[in-house]
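Every number in this text was worked out from the coordinates using simple rules, so none of it is lab data. Quick caveat: nothing in here was measured; it's all calculated off a predicted structure. Reconstructed Cβ throughout: ideal geometry from the backbone, glycine too, with neighbour counts over all protein chains shown.
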Amino acid sequence: MSLTLSGTVALAAGKAHSHSASLPQPQRGDGNGGTDPGPRDALRDAENPAILNPPASDHGTLPNLRFSFADAHVRQSSGGWTRQVTERELGVAKTIAGVDMRLNAGGVRELHWHKEREWGYMLYGHARVCAVDADGRWFVDDVETGDLWYFPSGIPHAIQGIGADGCEFLLAFDNGGFDEESTFLLSDWFKHIPPEVLAKNFSMPAETFSRSPEPDDEYIFAATPPGPLAQDRINGTPSVPNPFTYRLLKQRPISLPGGSVRIVDASQFKVSTTIAAALVELEPGALRELHWHPNNDEWQYYLEGEGRMGVFAASGQARTFNYRAGDVGYVPFAAGHYIENTGTRPLRFLELFRSDYYADISLKQWLALTPPTLVKQHLQMGDAFIHALNKTKTPIIPGQPPAAGAGESTSAPAAG
């Protein structure tokens with residue numbers, strides 16, 4: 001057995017050496033670093049060039065700022081599946097936790113509530129959402145790709161996949177320690193109330209409740225798709241004054257050379273008091289300019305394409321990470337950063353903040369609005385640099401796209 005194992009290892013090592021010329025290596029053009037003979041995961045290395053071979057400007061020991069939903073556990077049920085990225089998976093992510101959920105046609109995320117506020121973004125398909133507030137006002141609406149919803153703390157709600165193929169959506173909760181297993185489920189509560197109490201509460205015979213469903217079966221369950229939306233509206237009682245849904249893609253974007261930005265916070269989506277967001281699209285080679293956020297950490301979800309982010313966290317700490325569709329990124333509070341499209345097609349991602357408003361500070365604008373002599377003395381720059389600054393914020397800077405075939409993403413684009 002030992003001889004067989006040794007032969008296998010030697011064979012693998014021989015293959016690694018024979019293909020070393022085509023494998024990415026932890027070695028820069030300036031001579032620093034060296035080759036990696038293996039064992040190694042060459043596919044993973046190729047997806048993460050900024051980690052394997054970081055820019056010379058990287059320094060220090062910033063924590064990991066990326067986790068892929070592809071590495072998250074998938075919980076499967078009769079009506080679909082779900083997976084989550086919380087601070088358990090991405091330890092630095094203290095402010096927001098994310099859930100990726102798929103509901104088949106008719107599939108229901110059962111009636112429930114939770115302490116955390118829930119912000120949702122539709123990635124694919126169609127869904128029906130419903131809720132009731134503390135004043136007994138109802139809400140029901142149909143959402144599609146690019147739409148949002150927000151449910152305040154403690155508000156009971158449900159989500160159902162509709163249309164030919166149901167839906168997939170991203171959920172964000174305003175607490176990195178949130179866990180999908182910690183929600184208050186209707187079926188779970190029924191299981192833990194004595195039948196005679198249920199009978200008294202609902203004025204029904206106790207035997208009515210003798211066969212209530214198991215919570216594990218109800219969490220996401222297959223059901224019959226609903227009828228027209230009008231049939232689910234509750235007649236004779238008022239609906240909520242501020243809708244729990246918002247049509248983000250109907251919003252006119254901030255269009256710039258190199259891409260576009262849509263911003264949504266409580267000033268447009270009134271109920272969304274703890275999550276502010278931006279939907280950013282960068283053309284190939286374009287840059288989300290050097291900036292930082294003065295109000296909270298940034299939680300990101302990458303929808304399409306590929307790019308890299310460099311983060312500066314003071315005290316000489318800086319790291320660069322690569323991102324692809326389905327990845328979560330994170331930027332600690334007030335850390336300077338940029339995001340660059342390194343692929344050959346658009347890079348689309350969401351920026352989320354635990355805040356009621358969106359805010360950023362542009363490095364370029366800051367320097368443009370600072371006394372020029374002070375800037376020149378700080379950076380030892382001449383007038384040409386001062387003249388290149390812009391007093392108006394330009395969140396996206398166009399760039400030269402990479403050559404066709406260079407850095408092409410192999411992941412399928414997310415719908416939306």
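Annotations for the structure displayed:
- Ratio of Rg to Rh over the stretch 175-308 (Cα coordinates, Kirkwood Rh, two decimals): 1.11
- Take the Cα of residue 88, step 7 Å toward its Cβ, do the same at residue 251, and the gap between the two points is 3.2 nm.
- Overall form of the stretch 52-206 per C-alpha gyration tensor (a/c, 1.5; a/b vs b/c): prolate
- Per-selection Rg to Rh, the stretch 136-207 - Cα, Kirkwood hydrodynamic radius: 1.05
- Cβ-defined net charge surrounding residue 229, 11 Å radius [Lys, Arg +1; Asp, Glu -1]: -1
- Expected 222 nm ellipticity per residue - DSSP helices of 4 or more, -39500 (n - 2.57), all of the chain, to 500: -4000 deg cm²/dmol
- Computed over the alpha-carbon pairs of the stretch 299-381, the distance histogram in 10 Å steps reads 15, 37, 33, 14, 1 percent, short to long.
- Distant-in-sequence amide contacts of residue 295, defined by a placed amide H-H separation under 5 Å and a gap of 5 or more residues or a different chain, comprise nothing.
- Built amide H within the under 5 Å cut-off of residue 158, gap 5+: 130
- Length-normalised contact order of the chain in % [C-alpha pairs under 8 Å, at least 6 apart]: 17
- Choice from 374, 279, 170 showing the highest fluctuation, given a GNM over the chain with Cα pairs closer than 10 Å: 374
- Neighbours of residue 394 by Cβ distance under 13 Å: Lys/Arg scored +1, Asp/Glu scored -1, total +2.
- Most mobile listed residue (64, 390, 175) in the chain, GNM with C-alpha springs under 10 Å: 390
- Counted by Cβ distance under 9 Å from residue 239, the other residues give a net charge of +2, where Lys and Arg count +1 and Asp and Glu count -1.
- Principal axis extents of the Cα atoms in the stretch 274-315, from largest to smallest and rounded to whole angstrom, are 30, 29, 13.
- With coordinates expressed along the principal axes, the C-alpha atoms belonging to the chain extend over 81, 73, 38 Å, beginning with the largest.
- Highest-MSF residue in the chain out of 202, 269, 169 [GNM, Cα springs under 10 Å]: 202
- When each of 250/393; 270/391; 250/391; 94/115 is checked by Cα-Cα distance, pairs over 19 Å: 250/393; 270/391; 250/391
- FRET efficiency for the pair residue 78 and residue 135, taken as 1/(1 + (r/R0)^6) with r the Cβ-Cβ distance and R0 = 30 Å, rounds to 0.30.
- The stretch 311-349 and the stretch 113-147 have Cα centres separated by 30 Å.
- Annotation for the stretch 363-403 versus the stretch 181-230: alpha-carbon center distance of 60 Å.
- In a fully extended conformation the segment linking residue 314 and residue 233 would gain 23.9 nm over its present Cα-Cα distance, using 0.36 nm per residue.
- Share of Cα-Cα pairs in the stretch 92-163 lying beyond 20 Å, as whole percent: 29
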